[in-house]
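The structure appears below as structure tokens.
The values are calculated or read from the model by the stated rules, or taken from the named source; none is laboratory data. These numbers come from a predicted model, not from an experiment. FYI the Cβ positions are ideal-geometry reconstructions off the backbone, even for glycines, and counts take in every protein chain you see. Please note that ligands, DNA and RNA were not included when accessible areas were found on the heavy atoms of the full protein model with its side chains. Shrake-Rupley method; radii C 1.70, N 1.55, O 1.52, S 1.80 Å.
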Amino acid sequence: VPREPHGSWKPLRCMPVPPLGPQEKFLDFTAPSEASKAMEASLAAPAQPPTGPANMPDPAVQVQRRAPEVRLRYTAQHGQACRAVTFSTDGRSCATGCIDGSIKIFDSAKMRACAASTDGPLGRMRVTEEELLKPVVRTLHDHVLAVTCLAFHPMNPTIFSGSADKSVKIFDLTRPPGHKKAFSVLQDVHPVRCLAIHPCGDFLFVGTSHQAVRLYDLQTLNCFTTFHQDHHHSGGVNDIRCTSDGRVFASASSDGSIQVWDAVSHRVANRLPKAHSGAAVTSLRWSRSLNYLLSSGLDGRHRLWDMRTGEEVFCMGLGPRACDFSTAAFVAGERYIASSNSNVRISDASIYDAQTGSPVFVKLGMHILPVHALDTSPVDRTFMTGCDDAKARYFSVDDRPN
């Protein structure tokens with residue numbers, strides 16, 4: 001049973017969109033997990049005489065404990081380090097941004113098809129360079145400095161990019177592939193760190209090295225900020241994530257706080273002042289039910305918060321308690337959490353169990369340099385990483401056969 005909110009925490013009134021299905025699996029700590037149900041059933045069942053090898057574990061419990069199979073499906077080469085990754089809301093497209101200012105758009109189905117050509121009994125050991133380039137739908141280049149963040153519009157065929165060159169650029173994906181320039185520019189006076197498009201598609205949230213969260217009306221391109229000065233962060237805004245119903249958004253800042261905003265009044269409803277022991281918070285993700293928020297910080301840790309009470313559920317992370325960047329996201333229907341940070345000892349992506357916070361894979365063994373960008377598909381069990389070795393990698397997380 002959820003605990004009562006502590007202190008002055010205001011319960012959030014959010015409804016996931018689309019509504020949760022009766023058979024849909026999502027992160028929920030108020031209901032017993034399948035593993036615990038199987039364990040309770042095995043303990044409650046009457047003792048049976050052994051019919052097989054001694055001490056054979058219950059297969060229902062054993063399956064739940066088996067680690068998934070993480071497979072590298074596709075690798076894309078970039079000119080320089082890849083620092084931004086995002087998926088479209090329908091999962092059909094993926095985009096990556098590099099420090100040379102370039103953006104690549106990928107077709108998810110073609111990346112899977114490229115992987116299928118090398119798998120199975122009829123698979124080939126080598127794939128031609130032409131086939132490797134097929135998933136790249138187009139390449140965009142209109143920034144003069146590093147691309148720091150990307151966001152697909154939820155309805156229109158456009159993509160937004162933020163850069164260290166202090167601009168947000170809007171690209172039309174219906175133009176012929178030869179068009180590499182943006183059709184609209186939002187100029188700022190601070191380097192852009194994060195973007196989030198409101199689910200209705202009419203507004204854009206922008207976070208920069210300045211402490212104020214920007215809100216752009218995409219019809220008029222006018223910029224707004226909250227008029228309550230005490231609601232601003234005291235440091236740069238590193239990440240912004242909106243709930244699926246558009247009523248609430250959360251912002252992460254270099255001042256070490258997470259702020260939960262009313263998206264209608266543009267006022268702060270709740271605040272976690274030292275979410276990561278005072279270290280900067282760099283990444284946020286809402287769970288499917290909107291009851292939990294996943295955060296990452298420069299303390300080298302990832303934390304899961306119950307947004308009904310404002311309390312921490314558990315903390316994940318290994319290695320030194322300091323890093324230059326850190327990110328985490330739910331993957332495979334919220335069964336796992338994929339994460340990465342700049343710790344040289346790890347220099348790879350990690351997988352954690354979303355139900356317990358325990359590590360499943362400390363290192364995937366697929367990267368040789370730190371993974372700066374990571375995002376997961378909203379519709380399937382795949383995720384993509386952007387690494388400092390100038391490569392973007394597309395992975396799938398599959399359950400192992402019984």
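Taking TYR216 as meeting all but one of (1) open to solvent by 10 Å² or more (accessible area, probe 1.4 Å); (2) part of a strand (DSSP E or B); (3) touching a residue at least 60 places away in the same chain (Cβ under 8 Å), write down the number of the exception.
(3)
When you scan the stretch 334-346, how many residues do you find that are modelled with pLDDT under 90 and either touching a Ser or Thr at 6+ places or on another chain (Cβ under 9 Å) or surrounded by 20 or more Cβ atoms within 10 Å (Cβ to Cβ) (or both)?
First pass over the stretch 334-346, keeping only residues modelled with pLDDT under 90: 341-346.
Checking the rest, the ones that are also either touching a Ser or Thr at 6+ places or on another chain (Cβ under 9 Å) or surrounded by 20 or more Cβ atoms within 10 Å (Cβ to Cβ) (or both) come to 341-343, 346.
The qualifying residues number 4.
Which fully enclosed strands (runs of 3 or more DSSP E) of the stretch 231-281 have 3 or more residues being crowded, with 22+ Cβ neighbours inside 10 Å?
Filter on the stretch 231-281 gives 237-242, 248-253, 258-262.
Out of everything in the stretch 153-205 that is buried (at least 18 other Cβ atoms within 10 Å of the Cβ) and small (Gly, Ala, Ser), what residue ends up being nearest to HIS266 (Cα to Cα)?
ALA196
When you scan the stretch 128-201 for strands (runs of 3 or more DSSP E) that lie fully inside it, which ones turn up with 2 or more residues that are of a type in the set (Phe, Trp, Tyr)?
Details: elements: 136-141, 147-152, 158-163, 167-172, 184-187, 192-197.
Correct list: empty, since no element meets the threshold.
Within the stretch 309-333, work out how many residues are closer than 26 Å to ASP398 by Cβ and surrounded by fewer than 19 Cβ atoms within 10 Å (Cβ to Cβ).
The total comes to 3.
Exactly one of (1) among the small types (Gly, Ala, Ser); (2) open to solvent by less than 10 Å² (accessible area, probe 1.4 Å); (3) in contact (Cβ under 8 Å) with a residue 40 or more places away in the chain is unmet by SER350. Its number?
Only one criterion in (1) among the small types (Gly, Ala, Ser); (2) open to solvent by less than 10 Å² (accessible area, probe 1.4 Å); (3) in contact (Cβ under 8 Å) with a residue 40 or more places away in the chain is unmet by SER350, namely (3).
Select from the stretch 295-317 the residues that are touching a Gly at 6+ places or on another chain (Cβ under 6 Å), at negative phi and in a loop (DSSP other than H, G, I, E, B) and list them in ascending order.
Our first condition is that a residue be touching a Gly at 6+ places or on another chain (Cβ under 6 Å); within the stretch 295-317, this holds for 300-302, 314, 316-317.
Within this subset, residues satisfying the condition of being at negative phi are 301-302, 314, 316.
Listed by number, the list holds a single entry, ARG301.
Considering only residues of the stretch 13-39 that are modelled with pLDDT of 85 or more and among the aliphatic types (A, V, I, L, M), which is nearest to PHE330 (Cα to Cα)?
Taking the candidates together, the pick is LEU27.
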